[in-house]
Amino acid sequence: MPTSITPHHTMPSSRRDFLRQSGAGFGALALNWLLGEDASHAVQTPLYHHAPHAKNVIWLFMEGGPSHLDLLDPKPLLNKLAGKPLPASFNEPLTAMGEKGSPLLHSPRTWKQHGESGLWASEWIPNIAQCLDDIAVIRSCWTNGINHAGGVCQMNTCTNVAGRPSLGSWVDYGLGSANRNLPSFVVLCDNKGRPVNGPRNWGSGFLPASHQGVRINGMSEEPIANLNPPADYTSERQERKASLLADFNQRHAESRQYQGELEARIQSYELAFRMQAEAPEAVDLTQEPENIQELYGIGDEATEAFGRNCLLARRLVERDVRFVQVYSGTGSKWDSHAKIEADHSKMCRSMDKPVAGLLKDLKQRGLLDETLVIWGGEFGRTPMSEKGDGRDHNPTGFTIWMAGGGVKGGQTIGSTDELGLYAIEDKMHVHDIHASILWLLGLDNMKLDYDNNGRLERPTINEGVFNEKLIGA
């Protein structure tokens, strides 16, 4: 049986068990914890399976499915055959992918090679194109999710049905927090809506609830609601209130052992108290000089929302937040069944400069080497047209990219066929993508496990391998 990492929540006794066994006054001990006097709850030392390449992750999630055919995977044959049906030799794999007999849709992009590597990019992403020497473009991804609910679910949890932990939760479970005063797993959205599936995308599934992600509103002047106490609210009053609340929680917990949600709630109150010391400074973007804000596109209406979130992501990993997921197009705005030219043009405009700004900023601060940046959506788009001027979902072949965190930039990995429909070379399923992310963080996806009611669970469901080409091996 593989050797498991021992996370902080599986230590011999929980806080609640210790308090019950010792008979100590819960309120007094809780106050010591809140004031940082309980040394037993210092930052967890990660128990790596091997030497890590990355320390943190920033996952830029293009919700709705960006078109690889129009961004990073040029297909000259597509334009030659535009208007004609998909060749019979391709054997259309999914009836859901376009109406039967839908003609191929041309891609009116201008393609250029960039940097010393000569990687290709279209005119839709001119700023990201400047960073391609730091980027590994993976053109051979595939997934089982053919709709948004299943696709987003699988890209976050490794399966297209709900109920399993998100990747960020697994990372928090395996490595623990590196900053006890900030959440270890943070989610940022670029509008007031919610992604498909909502909080399930960053849920902890069967893992203890304390490992779920925390959504922060990066577009607000106060990204974390109720973080700052009223001016007349003294620290002494707050400490008394926290102690009383801790006492109520302990009484409630005495007859409700082994409830992870209750333990998570207790921990959340404790974290909220500690965050008041560090979080206000961490999320205060006004501290950033004007040239840095401009680098991310802050001040430009088109790039403001996503730019703020990308800058906030950098500030969070700079303060040792393990996993930050940043949604672009929250609410499936990348979904382009019709009018792909107008829709994708708008979405690329909103994210291109902020993403490039993030990569350049991380690099100039010496953070890119330890921060793994991932870009992509839940699937790609078909070469066949839909509604005459759009593209349908394509789960059988699409592109994501990775940069930093030990990844060798300036390379392409894998390929799709001549029309961009199928991944055909060096295929990477979502299981392999997650396994590779975990490996770069120092975790083996087959050794990181959790006993869920007698069933040994692993993050990639006993599948998935690390792609060594990511590090140039």
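To the nearest µm²/s, what D does Stokes-Einstein give for segment 409-462 at 20 °C and 1.002 mPa s, using the Kirkwood radius over alpha carbon pairs as Rh? Write out the running numbers ahead of the final one.
Numbers: Rh = 13.2 Å.
Rounded to a whole number, D works out at 162 µm²/s.
Which GluC sites (Glu not before Pro) from segment 424-468 combine a DSSP loop assignment with at most 11 other Cβ atoms within 10 Å? Intermediate values should be presented prior to the final figure.
On the way: sites: 425, 457, 463, 468; in loops: 463.
Passing sites in segment 424-468 do not exist.
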Residues with amide H under 5 Å of residue 215's amide H, sequence separation 5 or more or different chain, H placed in the peptide plane at 1.01 Å from N; which?
-> 187
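Beyond 26 Å between alpha-carbons counts as too far, so tell me which of 339/363; 75/346; 80/469 fall in that bin. Show your work: numbers first, answer last.
On the way: 339/363 36 Å; 75/346 22 Å; 80/469 32 Å.
Where the Cα-Cα span goes over 26 Å, the pairs concerned are 339/363; 80/469.
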Isotropically averaged projected area of segment 291-374, using the convex hull of Cα atoms (one quarter of hull area), nm² | 5.8
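Can you give the Kirkwood hydrodynamic radius of segment 349-388 from its Cα pairs, in Å with one decimal? Walk me through the numbers on the way to the answer.
Working: mean 1/r = 0.0786 Å⁻¹.
One over the average 1/r among Cα pairs gives 12.7 Å for segment 349-388.
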How much net charge surrounds residue 78 when only other residues with a Cβ under 14 Å from its Cβ are counted (Lys, Arg +1; Asp, Glu -1)?
-> +2
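Regarding segment 353-473, what whole-number volume in Å³ per residue does the convex hull of its Cα atoms give?
Values: hull volume 18.5 nm³, N = 121.
Value for segment 353-473: 153 Å³ per residue.
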Binned Cα-Cα distance frequencies in segment 42-181 - 10 Å width, integer % = 9, 26, 30, 23, 9, 3, 0
Could you give the nm distance between label points at residue 302 and residue 451, where each point is 7 Å from its Cα heading toward the beta carbon?
-> 5.7
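Any read-out appearing in this document is the output of simple, stated calculations on the displayed coordinates, not a laboratory observation. In this text the structure is predicted, and so the values were computed from the model without any measurement. As a convention, Cβ positions derive from the backbone with ideal geometry for all residues, glycine included, and neighbour counts pool all protein chains shown.
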